[in-house]
Each structure stands twice: as structure tokens, then as C-alpha cells.
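As C-alpha cells, the structure follows; a few thoughts come after it.
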Amino acid sequence: MDAQPSLLKVTAIGKQFPGVQALHNVDLTLNRGEVLSLVGENGAGKSTMMKILAGVHTPDAGTIELDGKPIRANSVREAQAHGIALIHQELNLAGNLDIAANIFLGNEPHKAGFIDRKDIHAQASKHLKRVGLAFPTDTLVADLTIGHQQLVEIAKALSVDARIIIMDEPTSSLAQKETENLFKVVNDLRSQGISIIYISHRLGEVIELSDRVSVLRDGENAGELAREEISHDAMVKLMVGRDLSQFYQRNATEPGEVVIEANRLRTSAHPNRELSFSVRQGEIVGIAGLVGAGRTELLQTLFGITPAVGGTLKLDGNKILPRRPLEAIIAGIALAPEDRKQHGLVSEMSVRENSSLPRLRVDQKAGMIDFSAETNVANEAVEKMDIKTPHLEQVIQYLSGGNQQKVVLGKWLAMNPRLLLLDEPTRGIDVGSKQEIYKLMEELAASGVAILFVSSEMEEVLGMADRVLVMHEGAITGELDRNQLSEETIMQLATDNKAAA
Amino acid sequence: MKKNILGILGLFIFIFIFTAYYSEPFLSAYNMQNLIKWSSLYAIMGIGVAFVIITGGIDLSIGSVIGLVASLMALAIKKGWDPNFAVVMLLGLSLGIGLIHGLLITKVKLQPFVVTLCGLLVYRGISRWMTDNQTMQYPGTDKLDSLFSGKVLMGSFGLPAPLFFLIVVAILAAIFLNRTIWGRYLFALGNNEDGARYSGIETDRLKIVAYVICSFLAGLSGLLFAYELDSVQPAQTGEFYELYAIAAAVLGGCSLRGGQGTILGVIIAAAVIRLLRNSINLLGISTHLEYAIIGMVILCGVAADEIIKRVMARRRTAQVTTARK
Ligand SMILES: Nc1ncnc2c1ncn2[C@@H]1O[C@H](COP(=O)(O)OP(=O)(O)OP(=O)(O)O)[C@@H](O)[C@H]1O
Ligand SMILES: [Mg+2]
């Protein structure tokens, strides 16, 4: 196998950002037709390393060799010319254009400057086939699910003859089905000799997919695992430098008074479905279901983003119907949203400003910002959530994905909510921090907070929930107590397979 | 929200010294008083539009609001209204205009560009119609005269009234933007409106407030301009002023993408624009070139600002590197 040099050989890469040594002396090799997984805690430097390979960032030190020849990619275009394509954590497609236009964006086949429409669609459908998508190439990208959009991104990479495709947390917003589909495509590509670098915090996926795993810790190489050495525990040990028990197991306590009670609540997304449920003090209730089952819409309705179109809602026995988030917040409800970039953060503001945003109103002095209270709030969030940031003034968009999510959680904890709504709370969060977040949820519950969380990760639902509401097409198809919980029953309810359930 | 205003300050000082060196009358008390007066007027408009730009919006109607207020004030005096009452009514009218803009933008969800472009046409038309498009004189109404266009003597140097208006407006605006929660909210929503809403910020209300502030300051400028000019031409007074205001805001560090801006930057930038006009006149450069020169300077200023920002970011990185070694 080692007769020919590896396809890609990265040596002693260093990269510095203001206040942060993101990478130090990092080595990496990639062979032909191999799936290499890159794992590590939040802020370990995974995305930075990949952005360097893809020409987004230039390294401060080190060399990159492709086919034994040193290369330098100073732009995404140059990297593509070398056959390296990066599929970002956040997708970069233009929703208002069709599939074909997106695939060839910036690389349109043309004749004397005029785009050749026929050619573009013929070629696009060829690439689409390779990723197993059967849509007409003039479908608007905005009309595709995220999973399908991702496949379009991959087709786009294939269109520039990428030999190395890098996927940064591709499955974090995919449904189970879509994930399986993606894996099939990845396996196909591998058999066609294309090399894949795969980043994920879902270690199960890593085990299933990888030929080799490379681990980063604090911007340095922490070790490498060959195919037969890959296991959950082995990876975790390298990532965090110690052993972690596999799953978090919750110690439920006796729940108290009912905090939130929904009676025949109807959301604007599914106006003919009536939802009735309640969550009590100290209770952690999970909402399971497939993507599109109306889980996010339910949380958004409780939080006043899209007001309910019918039914009643009681918080601590008092009727409320939040029409705006502020009303929900004043009533004691907090929501950590699913899409942190769009809804969770103000990306050009600092860690301090982001973590204090909802809290400012509470600490104000006749409209004036209480700056010392603000700094305290921010410091507390950083400490409690163990946020890796050089200082409070760091602009939030420069934090790693997982650390951004921690800021979102931190800012809501500062509000001491009665009811905490969490939409995919651990998306993009590393194993170690995940457990910290679980512990935090448990502490909050123990202090009397009612928690309602949506999760697509079965382990999380099984491990954390005292009770689970399963949703399907906007309706609650089942409610399971802890002792009734199993993956099968949840999946059956989620697909509304009543006979079996 | 610290912003680098050194660049624009440097530009101001450079043009100032340059003109002072080559033009004798530049430093005369008369010229200086004029420069201060007009810079202040421009800065008041600029501060107004800065609020709107920080939310990610735009207001193209400023010049027409100025024209409308100035024309109606003259008309009111001519019709024998109590001038004080007229002032209050007209300031109220400007607040109302801003409110309508804000409501159309947030509730009907029209684009700010469209709403205020229509405003530009509508208010100009109304001014011309109500005054029969006649040039109107401002007869002396002594108290208001000295309030809006009087001078406070410092020795022999008279500080023009608009300067004091500017000082009050600027201090209030700076406190609002930097010290109050609503100022912070304004920046947050300019940056990510959804994110702000999800944090419990009443984004619609704040945007309306921004348009109200902008139109109010335009109305106030209208009164100041009117008393300054002593006569009003309904078809022309205030024309293009929205562009000067926007230029001052942008040159002063506001990003049209929203979420950025400082009051001090806007004031200095307004002064730069006035100073340029003044220099062009005094240095004997063809006044036909005036627009071209102002346009070029703004373009260079904004470009330089961008470059300085990048260099600073790089230098910060370098410092960290050396600190580690
Ligand atoms: N553009 C940037 N400017 C400043 N700092 C940055 C920038 N990009 C990344 N960083 C910092 O570099 C470090 C590594 O970040 P990176 O995004 O590579 O982490 P990651 O391993 O992908 O983490 P996650 O799993 O949370 O996505 C972090 O401390 C981050 O804050
Ligand atoms: Mg990352």
C-alpha cells in the first residue's frame, strides 16, 4: 500500500489567529480512495485545518504536498484546480438558482462568453447521477431539503474533478434517511478512487465510515487510529485525554408542579393538528420525530416566534399566548434555537455582547446598560459553559462552531428561565462538552426548571428524557415514559406505524 | 463598538492644513463661522440617517422633508400663524413622516429604499403644490431667528446656532447608541435581525424609532436651513441633501450592511464634505468639478478605511505571534 506516495501529505502546519494558536505543527496524510475522519473537541482546529487545505486560509507554517509535489493554495479556486473541494459546515448554495446553475456557479461552460444552457443541464445531470439525485436539473435549490442540497454541493465538487472532498460536519442537520443516503454516496465515491476527509462529532458515524481516524487536540496532533483500532472509547480518549463513560445516564428526580401546559394548541405550520402536553418542574421532556415533523415549529410557537393559531397555553397555571419572543421571555421561557447562525447569534458582535443580549433588559438602569453587570454575565457564561475564547471581546463568528453554541446556551442560562426550550442542543458539540451540557440540563432540572428539548439523536433522547413526546407530521403520535423508551417504539411512532406500536 | 475614526480625522486635518496653506481667506473668522455652521447642519442630517443605516435601512427622503418643512414654515408665517406653534407642528409632522416610513417598512414589509424614494417624490411635490412653487421669504421673527440662526459671541468670533443644536443632538445620539440598551439593540438588529428577535428584541419597534429619529432630525435641519437661507425655494431647498447625509454617514464609518457606525465619525465626515466644497471654492478649482472631487474623496476614504482595518487585523495577529515566541 505504501509503494506509492500518499495522495496528500501535510507537514507541520501552523496557523495563528488574533489571540489564538489554532494549529501548531499538525501533520496529516491522506491516501487515494480513503475516508479519513478528523475528530477533536470544539475549537481543536478541525475546520481551520480544512480551510487551509481548501485555500480559504493560508497557513503560517508547514507544507502541503499533493502527489509528492509541494503545492500552495492561496484561494479556493487554486485549491479546486488541485482537485480539493470543501463542503462547509454551513452550505453555500444560492437558493434562488436552479441545481444546474449552482453546480456550475463560477465555472459555467460557455461559448464565447455565452452560457451554453443545453450543455450545462446535460453535464449537471451527469454529476447529479453520481450522487444519486434524480431531480430535474432546473429545480430551484431552495425547494430541496438540506440533505439534497448537500448532495448538490457534492455534485458541484465532482464537477470540478475534485479528487479530495472535505466534508465539515455534513450530517449535523440531516435526517436519519438523508444521513444513510449520504453514506452511500461517500462509499460510492471512495470506490471510484476519490478521497474523503470527514469531520463529525457523531462518533458512531465515524466508526461506520472511516478507514482511518486522525485526532486533533488543542490545535495539535493527538494521535491516529487505523481501521481496526477505531472505537468510541479510543477516539474519546485521544480527544479529551481521559476516559469518558459512553452515554450519559440521567438520574431523574420526582417532578414538581406543572410548569407549562398546552391544551389543543395549534401551530401555524400544522393548523389542523391539536397538541396537548405538559411539562413539570424538574422534568426533562424530549421531543423525538423525523425532520419536518413539526418539532421546531412547536418550540417556536411556545416562544412566540410564530404565534399559535388556536388552543391554550398555561405557564404556572396562568394563561399565556406569546405573540412575540419578548413576551415569552418575560414569562420565563427561553429558546436555544436550532439554527445558531441565523437565529442564535449576532455574528459580528463580541462574546460579551452576545451572551448578555437578553439579559441587558433585566439589568438596565432606566434604559442605560449596566456595563459591569454585563461583564459579569459574560464571564459567568464563559466559565459555566467552558467557552474557549481568547477574551470577552472576541467577535463571535471567529469562535469554533461548538463554542458558538455554548454562548447561545450561556446567554439563556443568565435569564434563569422557568421553561427552557432546547432545539438540537448538542448539534456540533464535542463528546466532552456534550456531557457537560447534559449535566447542566440535569442541574437545571434539579433546581426546578422545566426542560423541553428536541433532538434527532436517538442516544440523546434515550439517555436524557424522563418522558418523550413523539411527533409525526405535526401531530403528537405518542407519549412514552422512561420505562417504555426504546429506539424501536420511538421510530415506529415517528413514522406513525400504529399497528406495530 | 469601537471604530477607527483616525483615518477620517487624518483626512480632515490634511485638507484643512492644505487649504489653510494655499488660501489666505480660509482661516478668516467669516469663513470659519460659515464652515462650522454648514458642517453642523450636514452633521445633524448625517446623524439622523446614521440611525437608519445602522438598522440596515436607508432614507432617501431627507432632502424632501427638509424642503417640505422649510416651505411650510414660510407659508405658516405668511399666513400669520404663531411661529412657535408652527415650529412645534412641523417637528410633529416630521415625527409623523418617520412613523409612516417605519410602519410601511416593518408592518407592510416594503423595502426602505422604495418607501423613502416615494417619500422623496411625494414631499417635494407637496411642497411645490402648497406654495404654488413660489420662492418664499422669511420675515424676521426675532426670537426664532436668533434661536435657529443666531450667534453666540466668543470674543469677536461668533459660534453659529446650528453648532449648539449639533452638540445637543450628537451627545444625545451618542448616549443613545452606546450607553442605552436600545442602542445596543439597534446594532444587534442591524447585524442579524432574526437573531435579535430571538433574543427578545422588539425589532420592528426599534426600526420605527430609527426612521422617526431620522425624519425628525431632517425636519429640524429643515428649520435650521430655512432660517439660515432667509428664503425658501420649494423646488430646490434641500435637494440632494439626503445624498450628502448618506455620504457623511458612510464616510464616517457606517456600513450600509447595517450594524456599524459612530456619531463622531459621522460628524467629522460631514465636516470633511463641507470642507471640500469650501476648499474647492477658495483654491479656485472649477466648481464644475465639485461633485467629482467629493465623490472621489468619499470613495478613497471608504477604501482607505477598509485597508486600514485589514492591516490592523494583521498587525494584531503579528503581535500575538511575537508575544508567544
Ligand atoms: N477566523 C478566525 N479568527 C479568529 N479565530 C479563529 C478563526 N477561525 C477559527 N478561530 C479559532 O481557532 C480555533 C480552532 O477553530 P476551528 O473552527 O478550527 O475548531 P473546530 O475543531 O472546527 O471546532 P468545532 O468542532 O467546534 O467546529 C478556535 O479557538 C477558534 O476560535
Ligand atoms: Mg468546526
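At a glance:
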quantity: Test: residue in segment B:69-90 that is within 28 Å of residue B:255 (Cα to Cα) and touching a residue at least 60 places away in the same chain (Cβ under 8 Å); calculated: no
quantity: Test for residue A:30: is it assigned by TED's automatic domain parsing to the domain that holds residue A:202 and touching a Leu at 6+ places or on another chain (Cβ under 7 Å); calculated: yes
quantity: Condition check for residue A:381: at the interface with another protein chain (Cβ under 9 Å from one of its Cβ atoms), part of a helix (DSSP H, G or I) and within 12 Å of residue A:415 (Cβ to Cβ); calculated: no
quantity: Number of the condition not met by residue A:36 [criteria: (1) within 16 Å of ligand 1 (Cβ to nearest atom); (2) on the phi > 0 side of the Ramachandran plot]; calculated: (2)
quantity: Among (1) in contact (Cβ under 8 Å) with a residue 40 or more places away in the chain; (2) within 28 Å of residue A:123 (Cα to Cα); (3) in a loop (DSSP other than H, G, I, E, B); (4) within 16 Å of ligand 2 (Cβ to nearest atom) - the single one residue A:95 does not satisfy; calculated: (4)
quantity: Segment A:1-33: number of residues that are hydrophobic (A, V, I, L, M, F, W, C) and away from ligand 1 (no atom under 16 Å from the Cβ); calculated: 6
quantity: Any hit, segment B:209-232, residues being more than 17 Å from residue B:117 (Cα to Cα), of a type in the set (S, T, N, Q) and within 14 Å of another protein chain (Cβ to nearest Cβ); calculated: no
quantity: Segment A:10-47, subset polar (S, T, N, Q) and not in a strand (DSSP E or B), residue farthest from ligand 2 (Cβ to nearest atom); calculated: A:31
quantity: Hits in segment A:58-92 (condition: of a type outside the set (Val, Ile, Thr), assigned to a strand (DSSP E or B), under 28 Å from the mean Cα position of the chain (by Cα) and away from ligand 2 (no atom under 16 Å from the Cβ)); calculated: A:85
quantity: Test: residue in segment A:292-304 that is modelled with pLDDT of 95 or more, buried (at least 16 other Cβ atoms within 10 Å of the Cβ) and of a type in the set (Ser, Thr, Tyr); calculated: yes
quantity: Count - residues of segment A:394-433 that are charged (D, E, K, R) and more than 12 Å from ligand 1 (Cβ to nearest atom); calculated: 4
quantity: Positions within segment A:190-212 being within 16 Å of ligand 2 (Cβ to nearest atom) and outside any helix (DSSP H, G or I), in sequence order; calculated: A:197, A:198, A:199, A:200, A:201, A:202
quantity: Selection from segment B:12-54 of residues that are more than 24 Å from residue B:304 (Cα to Cα) and touching a Lys or Arg at 6+ places or on another chain (Cβ under 7 Å); calculated: B:35, B:38
quantity: Test result for residue A:340, within 20 Å of residue B:176 (Cβ to Cβ) and either over 28 Å from the mean Cα position of the chain (by Cα) or outside the structural domain of residue A:440 (by TED's automatic domain parsing) (or both); calculated: no
quantity: Close pairs from segment A:190-205: first farther than 20 Å from residue A:84 by Cβ, partner in a helix (DSSP H, G or I) and more than 13 Å from ligand 1 (Cβ to nearest atom), Cβ under 9 Å, at least 6 apart; calculated: A:202/A:179; A:203/A:232; A:203/A:235; A:203/A:236; A:204/A:232; A:204/A:459; A:205/A:179; A:205/A:183
quantity: Tabulated pairs, segment A:400-428, first in contact (Cβ under 8 Å) with a residue 12 or more places away in the chain and within 14 Å of another protein chain (Cβ to nearest Cβ), second acidic (Asp, Glu) and away from ligand 2 (no atom under 16 Å from the Cβ), C-beta under 7 angstrom, 6+ apart or interchain; calculated: A:414/A:380; A:423/A:338
quantity: Output for segment A:422-460, where each listed residue is within 10 Å of residue A:284 (Cα to Cα) and outside any helix (DSSP H, G or I); calculated: A:449, A:450, A:451, A:452, A:453
quantity: Residue in segment A:42-59 that is free of Cβ contacts under 8 Å to residues at least 40 places away in the same chain, away from chain B (no Cβ under 14 Å) and either polar (S, T, N, Q) or touching an Asp or Glu at 6+ places or on another chain (Cβ under 7 Å) (or both) present; calculated: yes
quantity: Failed item, numbered, when residue A:215 is tested on (1) of a type in the set (A, V, I, L, M); (2) crowded, with 21+ Cβ neighbours inside 10 Å; (3) away from ligand 1 (no atom under 16 Å from the Cβ); calculated: (3)
quantity: Qualifying positions in segment A:362-393 - touching a residue at least 24 places away in the same chain (Cβ under 8 Å), surrounded by fewer than 23 Cβ atoms within 10 Å (Cβ to Cβ) and more than 16 Å from ligand 2 (Cβ to nearest atom); calculated: A:362, A:380, A:382, A:384, A:385, A:386, A:390, A:391, A:392, A:393
quantity: Identity of the residue in segment A:396-449, of a type in the set (Lys, Arg) and away from ligand 2 (no atom under 16 Å from the Cβ), that ends up surrounded by the most Cβ atoms within 10 Å (Cβ to Cβ); calculated: A:411
quantity: So residue A:55, is it more than 22 Å from the chain's Cα centre (by Cα), within 23 Å of residue A:178 (Cβ to Cβ) and in a loop (DSSP other than H, G, I, E, B); calculated: no
quantity: When residues of segment B:91-110 are limited to those that are without any contact (Cβ under 8 Å) to a residue 60 or more places away in the chain and not in a helix (DSSP H, G or I), the one nearest to the chain's Cα centre (by Cα); calculated: B:110
quantity: Evaluation of residue A:475 against (1) aliphatic (A, V, I, L, M); (2) away from ligand 2 (no atom under 16 Å from the Cβ); (3) surrounded by fewer than 24 Cβ atoms within 10 Å (Cβ to Cβ); (4) under 21 Å from the mean Cα position of the chain (by Cα) (one fails), failing number; calculated: (4)
quantity: Residue B:245 vs. criteria in contact (Cβ under 8 Å) with a residue 24 or more places away in the chain, buried (at least 24 other Cβ atoms within 10 Å of the Cβ), away from every other protein chain (no Cβ under 14 Å) and closer than 27 Å to residue B:128 by Cα; calculated: yes
quantity: Among residues of segment A:108-165, those that are among the small types (Gly, Ala, Ser), modelled with pLDDT under 85 and more than 27 Å from the chain's Cα centre (by Cα), counted; calculated: 2
quantity: Set A:138, A:161: member being surrounded by fewer than 18 Cβ atoms within 10 Å (Cβ to Cβ) and over 18 Å from residue A:85 (Cα atoms); calculated: A:138
quantity: Test: residue in segment A:241-259 that is touching a Phe, Trp or Tyr at 6+ places or on another chain (Cβ under 7 Å) and at pLDDT 95 or above; calculated: no
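The values are calculated or read from the model by the stated rules, or taken from the named source; none is laboratory data. None of these values were measured; they are calculated from a predicted model. Cβ sites come from the backbone with ideal geometry, for glycine too, and all protein chains shown count toward neighbours.
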